[in-house]
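Enquirer: Just dropping this structure here.
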Amino acid sequence: MTLIDHPVHAPAATNVETMTMAAALNRALADAMVADESVLMFGEDVGALGGVFRITDGLTARFGEKRCFDTPLAESGIMGFAVGLAMNGMRPVVEMQFDAFAYPAFEQVVSHVAKLGNRTRGALRMPIVIRVPFGGGIGGVEHHCDSSEAYYAHTPGLTVVCPATPQDAYSMLRAAIESPDPVVFLEPKKLYWSKGPVDTSVREALGRARTVRDGSDVTLISYGSSVQIALDAAAVAETEGKSVRVVDVRTLTPCDDDTIFAAVRATGRAVVVAEAAGFASVAAELVARIQENCFSFLEAPVLRVTGFDVPFAPPKLEKYYLPDVDRVLDAIDALGWES
């Protein structure tokens, strides 16, 4: 069973199409630009080229160079430009070409994008979307495969989103662009060419997790490309007699504690699966929150399956770095089943 067999919404509407996540993101950008003339898209190579991953393909031709345009190779400048535009009533959407390329812009994100709303007591909002192609699984080299979500999730004032399906990519990007406050939109590169149904009439509120597979023995909690790993592990575990629930977090902050806690309380066991290094990670935060709020329901300690605490591996070694089905199954087996 694959992730695309789990549509978020039943395809009852007439405007459902099957498309890749890349196409869903492109459609969301185009529809948002049609709906609101204050929406601008810019970044490195997003204009005539259409972006490294072609997420902005055709937008310059359709909307003109004033609404979708290339910038200099200067990430801090890109972000500072977005802050100025937002201060003057625009809705900028910026693309950080690769995850680790965004680090030069981090000071702008933390000191200005995240704080201006609070600094002005809400008088000045920052409706900025920062699109970050992130994570491994594509054989990329250094600076091209970081999982940088913990840096953003740790920063108050930012909403951090990570879709795992084309439907969520479309719906959540539309919601992010419509948000009056800044959103870091993490796009799993490994999933850009995954396909699934997309209903463009669906609106998805940010801040909600979803249960993508029901089960009664253990809950796997994940987001982004690791959701498919969790689903694959759940299918194997079922053949071994274990009923596994899978929860897709979708919005890392604000985190949907209610859905996560309800799932863990129902199953009594939990494993968090994410490809970022484990120390001080989003996975670590999820484990802590579950332990603090679900302790009396737990049959065993909550475990993590993550990347290792080393720089991202070279392409030929990344399969040993990234969480896989075998590592998730090992964690499930370690959850105190003898009791």
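The values are calculated or read from the model by the stated rules, or taken from the named source; none is laboratory data. Treat the numbers as computed from the prediction; the structure is a model and nothing was measured. No Cβ is skipped: glycine too gets one built from the backbone with ideal geometry, and neighbour counts run over all protein chains shown. When the accessible area is computed, the model is the full protein with side chains, heavy atoms only, and any ligands, DNA or RNA have been set aside. Shrake-Rupley method; radii C 1.70, N 1.55, O 1.52, S 1.80 Å.
Enquirer: When residues of the stretch 299-338 are filtered for being open to solvent by less than 40 Å² (accessible area, probe 1.4 Å) and closer than 16 Å to Val246 by Cβ, how many remain?
Expert: 9
Enquirer: For the stretch 115-133, enumerate the residues that are open to solvent by 10 Å² or more (accessible area, probe 1.4 Å) and either in a loop (DSSP other than H, G, I, E, B) or in contact (Cβ under 8 Å) with a residue 40 or more places away in the chain (or both).
Expert: Lys115, Gly117, Thr120, Arg121, Gly122, Ala123, Leu124, Arg125, Pro127
Enquirer: Across the stretch 134-160, what is the total count of residues that are touching a Cys at 6+ places or on another chain (Cβ under 9 Å), of a type outside the set (A, V, I, L, M) and not in a helix (DSSP H, G or I)?
Expert: The total comes to 5.
Enquirer: Considering only the stretch 289-298, I want to know if a residue exists there that is open to solvent by less than 70 Å² (accessible area, probe 1.4 Å), in contact (Cβ under 8 Å) with a residue 12 or more places away in the chain and at positive phi.
Expert: No, the conditions are met nowhere in the stretch 289-298.
Enquirer: Run down Gly64, Gly58 and say which single residue is more than 26 Å from Gln167 (Cα to Cα) and open to solvent by 10 Å² or more (accessible area, probe 1.4 Å).
Expert: The conditions single out Gly64.
Enquirer: Moving on. Restricting attention to the stretch 177-205, and to residues there that are touching a strand residue (DSSP E or B) at 6+ places or on another chain (Cβ under 8 Å) and part of a loop (DSSP other than H, G, I, E, B), which single residue is surrounded by the most Cβ atoms within 10 Å (Cβ to Cβ)?
Expert: Pro182
Enquirer: Against the conditions (1) within 30 Å of Lys242 (Cα to Cα); (2) modelled with pLDDT of 95 or more; (3) touching a Leu at 6+ places or on another chain (Cβ under 8 Å), where does Ala209 fall short? Just the number, please.
Expert: (3)
Enquirer: Which of (1) out of contact with any helix residue (DSSP H, G or I) (no Cβ under 7 Å at 6 or more places or on another chain); (2) closer than 16 Å to Glu149 by Cα does Gly241 not meet, given it meets every other one?
Expert: (2)
Enquirer: Which residues, taken from the stretch 273-288, are open to solvent by 70 Å² or more (accessible area, probe 1.4 Å) and part of a helix (DSSP H, G or I)?
Expert: Result: Glu285, single match.
Enquirer: Quick one: is Asp45 touching a residue at least 12 places away in the same chain (Cβ under 8 Å), in contact with a strand residue (DSSP E or B) (Cβ under 7 Å, 6 or more places away or on another chain) and under 26 Å from Val141 (Cα atoms)?
Expert: Yes.
Enquirer: Return the only residue of Thr267, Thr219, Thr211 being closer than 25 Å to Ser147 by Cα and either in contact with a Cys (Cβ under 8 Å, 6 or more places away or on another chain) or open to solvent by less than 40 Å² (accessible area, probe 1.4 Å) (or both).
Expert: So the residue among Thr267, Thr219, Thr211 that is closer than 25 Å to Ser147 by Cα and either in contact with a Cys (Cβ under 8 Å, 6 or more places away or on another chain) or open to solvent by less than 40 Å² (accessible area, probe 1.4 Å) (or both) is Thr219.
Enquirer: Could you grab me the full set of residues in the stretch 289-339 that are assigned to a helix (DSSP H, G or I) and over 23 Å from Lys190 (Cβ atoms)?
Expert: Arg289, Ile290, Gln291, Glu292, Asn293, Cys294, Phe295, Ser296, Phe297, Asp333 - these are the residues of the stretch 289-339 that are assigned to a helix (DSSP H, G or I) and over 23 Å from Lys190 (Cβ atoms).
Enquirer: So, in the stretch 155-164, how many residues would count as being open to solvent by 10 Å² or more (accessible area, probe 1.4 Å) and of a type in the set (Val, Ile, Thr)?
Expert: Qualifying residue count, the stretch 155-164: 2.
Enquirer: OK, next. Please give the number of the condition Met19 fails out of (1) under 22 Å from the mean Cα position of the chain (by Cα); (2) open to solvent by less than 10 Å² (accessible area, probe 1.4 Å); (3) touching a residue at least 24 places away in the same chain (Cβ under 8 Å).
Expert: Met19 satisfies all of (1) under 22 Å from the mean Cα position of the chain (by Cα); (2) open to solvent by less than 10 Å² (accessible area, probe 1.4 Å); (3) touching a residue at least 24 places away in the same chain (Cβ under 8 Å) except (2).
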